[in-house]
Amino acid sequence: MPERRTVALVTLGCARNEVDSEELAGRLEADGWQLVEDAEEADVAVVNTCGFVEAAKKDSVDALLEANDLKGHGRTQAVVAVGCMAERYGKELAEALPEADGVLGFDDYADISDRLQTILNGGIHASHTPRDRRKLLPISPAERQDSATAVALPGHGPVDLPEGLAPASGPRAPLRRRLDGSPVASVKLASGCDRRCSFCAIPSFRGSFISRRPSDVLNETRWLAEQGVKEIMLVSENNTSYGKDLGDIRLLESLLPELAEVDGLERVRVSYLQPAEMRPGLIDVLTSTPKVAPYFDLSFQHSAPDVLRAMRRFGDTDRFLELLDTIRSKAPQAGVRSNFIVGFPGESAADLAELERFLNHARLDAVGVFGYSDEEGTEAATYDRKLDEEVVAERLARVSRLAEELVSQRAEERVGETVHVLVESVDEAEGVYGRAAHQAPETDGQVLLTSGEGLGVGRMVEAKVVGTEGVDLVAEPLFQGSPACNEEAGR
């Protein structure tokens with residue numbers, strides 16, 4: 001009997017990429033591939049790349065080169081690039097990086113098994129010529145669903161597949177195979193983006209916005225809960241637009257309570273929210289629905305009006321602070337995080353001071369700060385009034401220091417609060433760590449529990465915050481051995 005083909009998936013970038021990797025894993029396992037964790041134990045190492053900013057692209061190239069170094073020293077025979085960077089650059093990446101034995105775009109995902117076998121056999125699969133994926137779907141959102149089946153949409157794998165195709169039990173098995181045993185999993189709510197932010201290239205290679213049908217999202221969530229998942233995080237490029245192409249822009253407000261009622265699930269989290277699209281009804285649902293985290297991942301990017309307009313965005317400091325006041329009037333313990341770009345073309349000293357004014361008043365739980373750099377193919381790359389790299393670096397360091405100080409202060413404000421912590425790691429030496437409702441995976445800090453007696457991964461624990469370590473919290477469990485909590489703190 002021939003030895004099974006082995007494949008390892010190395011995932012970089014955001015949670016959306018993680019979902020895409022698990023879809024690829026499902027397709028490969030269904031076709032007889034054996035999934036292994038370490039690239040050195042795989043016949044083929046598949047690197048799911050990120051193509052967002054220069055630092056992420058460098059990390060992707062480094063990962064491909066690292067995997068290539070395994071060839072000739074172990075089992076690895078081929079290294080293949082997939083993901084956003086592969087889709088964005090196609091042939092150009094293949095020519096610039098001959099160490100990659102294949103560069104596969106999104107259109108190759110449905111035939112990933114055949115593509116890898118061809119490459120493993122020494123054949124060549126021609127890399128694609130990149131195209132603007134926004135042009136693959138109709139301009140009108142209302143007409144997109146009928147065209148969606150003809151367009152590759154990673155992470156939109158069908159649910160209720162024929163028996164044997166999906167690598168899991170149950171009638172609701174999606175085209176997905178979990179790659180770790182974490183009690184948290186992301187669920188793709190939609191793909192693409194219709195916004196035209198002048199600094200962002202994502203819509204050009206991820207395409208126009210298109211929602212998944214609520215039934216698919218709900219059934220995939222049920223399947224994940226059957227696999228032991230306790231928290232799902234809804235991801236897309238813009239969750240606030242969910243449903244606009246299905247005829248109901250308020251569809252998220254009705255979907256969230258249904259997701260929260262899935263048996264076995266303890267928490268539902270929504271990421272990637274656009275401040276300009278926040279609706280009173282959505283705020284109400286996010287702050288009042290049991291098991292839905294009062295968590296707001298708001299993409300502010302800046303707060304000075306002139307900079308925001310140059311970014312093709314909306315709002316200003318006072319409007320953003322009003323939005324935060326509205327949220328906290330309904331859920332005082334709500335978590336809020338955001339990202340900001342400093343050094344944008346034309347950003348003045350007054351603009352920077354306005355951003356600092358916002359940060360000083362916003363009381364954000366987590367802040368990401370990035371220095372502006374040109375992204376090819378974006379409108380901002382053509383702008384005049386570019387700041388010197390040294391100025392951008394100085395502003396980045398300055399605002400980063402301020403952000404670090406402010407998020408530590410915000411953490412200290414939470415001392416004395418009661419939080420509900422989902423346990424994610426239990427280690428005799430390291431201790432017991434988890435996350436509260438205001439903390440998303442990997443980005444927003446964590447909670448160290450002072451006692452781990454009787455606790456296991458996946459357990460929801462009520463605890464009192466007794467200290468901080470920077471952005472992280474230290475909390476004392478209140479009811480060891482108590483049933484899982486049904487509601488989030490702050491309601």
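Readers should treat all values here as calculations from the given coordinates under stated rules, not as data from a laboratory. From a predicted model like this one, the values you see are computed outputs, not experimental measurements. FYI the Cβ positions are ideal-geometry reconstructions off the backbone, even for glycines, and counts take in every protein chain you see.
Values for this structure:
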quantity: Violating pairs (Cα-Cα greater than 32 angstrom) within the set Lys188/Lys330; Lys135/Lys188; Lys135/Lys330; Lys71/Lys135; calculated: Lys135/Lys330; Lys71/Lys135
quantity: Mean separation of Cα contacts under 8 Å (6+ apart) over length of region 1-138, as relative contact order %; calculated: 22 percent
quantity: Only Lys, Arg (+1) and Asp, Glu (-1) charged, at Cβ; region 415-477 dipole about Cα centre in debye; calculated: 220 debye
quantity: Projected-area mean, region 440-480, by convex hull of Cα positions, square nanometres; calculated: 3.1 nm²
quantity: Cα gyration tensor, region 216-374 - rounded (a/c under 1.5), prolate or oblate; calculated: prolate
quantity: Over region 415-477, relative contact order from alpha-carbon pairs under 8 Å, at least 6 apart, %; calculated: 37 percent
quantity: P(r) weight above 40 Å for the chain, C-alpha pairs, percent; calculated: 21 percent
quantity: Alpha carbon centroid spacing (whole Å) that separates region 111-140 from region 190-240; calculated: 21 Å
quantity: Considering only the chain, percent of DSSP beta bridges that pair antiparallel, nearest 5; calculated: 35 percent
quantity: Simple Cβ-charge dipole of region 6-130, Lys/Arg +1 and Asp/Glu -1, about Cα centre, in debye nearest 20; calculated: 280 debye
quantity: Cα-projected label distance for Ala55 with Ser288, points at 7 Å along beta-carbon direction, nm; calculated: 4.0 nm
quantity: Gyration tensor (Cα) of region 6-130, equivalent ellipsoid semi-axes in angstrom; calculated: 19, 16, 15
quantity: Loop-resident sites, region 318-420, for GluC sites (Glu not before Pro), counting at most 13 other Cβ within 10 Å (DSSP); calculated: Glu376
quantity: Centre separation in Å (Cα based) which lies between region 315-394 and region 2-32; calculated: 36 Å
quantity: Extension reserve of the Arg196-Lys71 stretch, reckoned as 0.36 nm per residue once the Cα distance is removed; calculated: 40.8 nm
quantity: Packing-based order for 110-122, 461-473, 80-92, using average beta carbon neighbours within 10 Å, highest first; calculated: 80-92, 461-473, 110-122
quantity: Peptide ranges 194-205, 274-285 listed from the most packed, as the mean C-beta count within 10 angstrom indicates; calculated: 194-205, 274-285
quantity: Amide H partners (placed H, <5 Å) of Thr11, local residues excluded; calculated: Asn48
quantity: Where labels lie 7 Å past Cα in the beta-carbon direction, separation of Glu389 and Glu261 in nm; calculated: 5.7 nm
quantity: About the Cα centre, charge dipole magnitude for the chain (Lys/Arg +1, Asp/Glu -1 at Cβ), debye; calculated: 1320 debye
